[in-house]
Amino acid sequence: MKLNNLVKTNSKKIRPGRGIGSGKGKTGGRGIKGQKSRSGVAIKAFEGGQTPLYRRLPKRGFKSLAPDNIAIINLSYLQKFHDNKRIDLSAPIDLKLLQTKKIINKKYIKLKILGDGEIKNKTNITANFASKQAQAKIEKAGGSLNILKKFVKKKTEPKKSKDSSSVEILKKPKS
């Protein structure tokens, strides 16, 4: 590196609207009149009257109203975390343990075990849901899988309608 090879970084900043001698005087490179010459105006998706891109493309998908509160984890990840000594598969594994070890985010309420990969160690897992492959692989390794019961709402009986005798009493007698 030599002084004559350095890239200049002290080039002057162009200051629009500072006289005609600057080359960017008077209108400051914005042209004459019109919406774009004014300050504080940005025409974001306007394409000069042509149908904008966001209207030319079709609508796609939807935002689900169902809460995304089920954490999904594969057996391969459980084995990998055990190999890296982040979790101990000999201890019982549940959602709380995975959240305290910062493997699963705190926002999740339920846990689902999927059967991708292999699990080599005998383990006891408690989850809300599990795939058939996961159940088979855990039992094959000599472990056990406890599925938590789903919360079932009590069935409410429909309100009984008033019988016809009570309706007749409420009616005013004809005089």
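The values are calculated or read from the model by the stated rules, or taken from the named source; none is laboratory data. Please read these numbers as outputs of a predicted model, since none were measured by experiment. Glycine gets a Cβ as well: all are built from the backbone with ideal geometry, and neighbour counts include every protein chain shown. These accessible areas exclude ligands, DNA and RNA; they are computed on the full protein's heavy atoms, side chains included. Shrake-Rupley method; radii C 1.70, N 1.55, O 1.52, S 1.80 Å.
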Item to check | Qualifying positions in segment 71-104 - open to solvent by less than 100 Å² (accessible area, probe 1.4 Å) and among the β-branched types (Val, Ile, Thr) | outcome: Ile73, Ile87, Ile93, Ile103, Ile104
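Let's see how each residue does on (1) among the hydrophobic types (A, V, I, L, M, F, W, C); (2) assigned to a loop (DSSP other than H, G, I, E, B); (3) touching a Lys or Arg at 6+ places or on another chain (Cβ under 8 Å); (4) open to solvent by 100 Å² or more (accessible area, probe 1.4 Å):
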{"position": "Asn10", "(1), (2), (3), (4)": "no, yes, no, yes"}
{"position": "Gly25", "(1), (2), (3), (4)": "no, yes, yes, no"}
{"position": "Glu47", "(1), (2), (3), (4)": "no, yes, no, no"}
{"position": "Lys106", "(1), (2), (3), (4)": "no, yes, no, yes"}
Next on the checklist: Considering only residues that are under 30 Å from Thr123 (Cβ atoms) and acidic (Asp, Glu), which ones fall in segment 39-87?
Outcome noted: Asp68, Asp83
